1. Would you work out the charge dipole size for the stretch A:117-209 about its Cα centre, treating the Cβ of every Lys and Arg as +1 and the Cβ of every Asp and Glu as -1, and quote it to the nearest 20 debye?
2. Label residue B:131 and residue A:175 with points 7 Å out from Cα along Cα→Cβ: what is the distance between them in nm?
3. Based on other C-beta atoms within 10 Å, arrange A:17, B:93, B:136, B:38 from fewest to most.
4. If I take R0 = 56 Å and measure r between the Cβ atoms of residue A:8 and residue A:115 in this structure, what FRET efficiency does the formula 1/(1 + (r/R0)^6) give, to the nearest 0.05?
5. Hey, rough spin-label estimate for residue B:59 and residue A:194, points 7 angstrom out along Cα→Cβ, what's it come to in nanometres?
6. Apply the Karplus parameterisation 6.51 cos²θ - 1.76 cosθ + 1.60, with θ equal to phi minus 60°, to every residue of the stretch B:87-102 and state each ³J(HN,Hα) to the nearest whole Hz, in sequence, with x for glycine and proline.
7. Let a ≥ b ≥ c be the square roots of the eigenvalues of the Cα gyration tensor of the stretch A:117-209; is it rounded (a/c under 1.5), or, if not, prolate (a/b larger than b/c) or oblate?
8. Quote the FRET efficiency, to the nearest 0.05, computed for residue A:129 versus residue B:31 with a Förster distance R0 of 22 Å and r equal to the Cβ-Cβ distance.
Amino acid sequence: MSDPPTITGFRCPGCKIGLEVGDSERTRCPNCAWRGTVMTFHPIDLKIDGGQAALSDDAACVHHPSKRAEAICAGTGDYICALCSIDHGGQVFSAEYLNTAGANTAGKAFDRTLDRPDRTVRFYIILCFIPYINVIWYVGWPVWVSLGWMKLLKARRLSKSDPLMARLVGPTQIVLLAILLGVVSLLFLVGSIYLMLFLFDAWSEGFASD
Amino acid sequence: MAVDLKLRNSFGNVSIILMDDHLVELEHSYTSDRVRRIRYDRVESVVRWRVLPLGRMAIVGLLVAVPGLLMMFSSEQVFVTMGTAFLTIAACIEAIYIYAGKTHISIMRAGREFKLAGVVRPHKVDRLLNRMEADIRRTQEEATPSTSDESIELESTSESTESDTASPHIS
Ligand SMILES: [Zn+2]
Ligand SMILES: [Zn+2]
């Protein structure tokens with residue numbers, strides 16, 4: 001039952017030498033005059049425990065010789081036990097690999113991208129007002145607007161299910177975007193009706209003068 | 001409150017959101033964000049310092065202050081007025097830069113360093129770091145008993161380790 005290790009040192013961001021943390025959070029590097037505040041914590045060691053005990057004819061985990069191997073690490077090719085294996089994108093890596101050699105490559109793979117339908121909605125709304133796109137593609141407008149509504153619904157769904165999206169897109173933002181999209185949709189409808197009336201007028205006048 | 005801190009730097013906009021037991025860093029692009037999560041459990045240290053954003057200050061100087069200064073030498077009243085306006089704007093922007101400074105935050109977690117940087121007002125950084133410090137200490141304290149009570153809570157420890165590894169947090 002040892003206490004978790006207390007971190008007492010850090011690396012100076014200015015000159016990279018190791019420094020001890022003093023009593024106060026404010027620290028100054030004697031070597032390069034770097035100044036800043038340092039907070040240190042009690043990090044928890046990744047405790048690897050449990051797992052299936054290996055029987056005599058089982059392949060054993062390379063990190064835990066007493067545990068039965070359940071998978072092969074995609075990074076190192078080692079036999080690893082259930083506790084060592086981390087599933088990512090259909091591939092299994094060992095925790096050991098991800099913490100050492102694979103830290104950078106696998107780290108990038110673990111970077112997730114978050115779809116932002118709320119921002120796509122804004123993009124579609126702007127598209128409606130770019131003249132060139134809409135002169136050529138008058139049909140484009142209903143496409144952008146309906147795509148916008150679809151994305152808005154998606155944003156609303158995500159903000160309810162994903163806690164991260166909930167922080168990024170609040171209900172007020174959804175309502176505001178809906179109002180904006182509504183105005184754009186209305187503009188399109190009014191514009192279309194007006195255009196149709198205009199064409200009809202022109203057509204009947206042309207018909208009359210014949 | 002939506003986002004806890006917004007950082008603007010030359011590489012793009014970054015938002016920071018504090019969740020219960022981890023920090024989320026979002027790198028914004030047009031229709032998606034890159035998400036990085038830093039779990040608090042193995043955070044070793046958080047270092048914060050401030051420098052003058054010299055690059056930005058130089059750009060503002062070149063684009064706003066220098067033209068303004070040149071206009072001051074003109075004999076036309078219009079140009080002199082414009083020059084004064086330019087110089088005032090430049091002085092205001094530089095003053096903001098000097099006041100806010102460019103804040104660097106470096107988080108060491110399990111031997112890896114995560115860096116954040118940008119021009120932000122100091123009190124916003126203070127607020128963020130205060131909350132983050134409290135969250136880290138709480139997370140680490142909460143997790144400590146279950147790791148030292150090996151004999152009793154073997155079952156639950158293995159479960160928690162599994163769920164821990166199932167949601168990869170190495171970013
Ligand atoms: Zn130094
Ligand atoms: Zn193992």
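1. That gives a dipole near 700 debye.
2. 2.3
3. Result, fewest neighbours first: A:17, B:93, B:38, B:136.
4. That gives a FRET efficiency of 0.85.
5. 4.1
6. 5, 5, 4, 4, 4, 5, 5, 4, 4, 4, 4, 5, 5, 6, x, 9
7. Taking the square roots of the gyration eigenvalues as a ≥ b ≥ c, the stretch A:117-209 is prolate.
8. Here the calculated transfer efficiency is 0.75.
Read-outs throughout are calculated quantities, based only on the coordinates presented, and are distinct from any laboratory measurement. Because the structure is a prediction, the values reported are computed rather than measured. Note: ideal-geometry Cβ built from the backbone for every residue, glycine included; neighbour counts use all protein chains shown.
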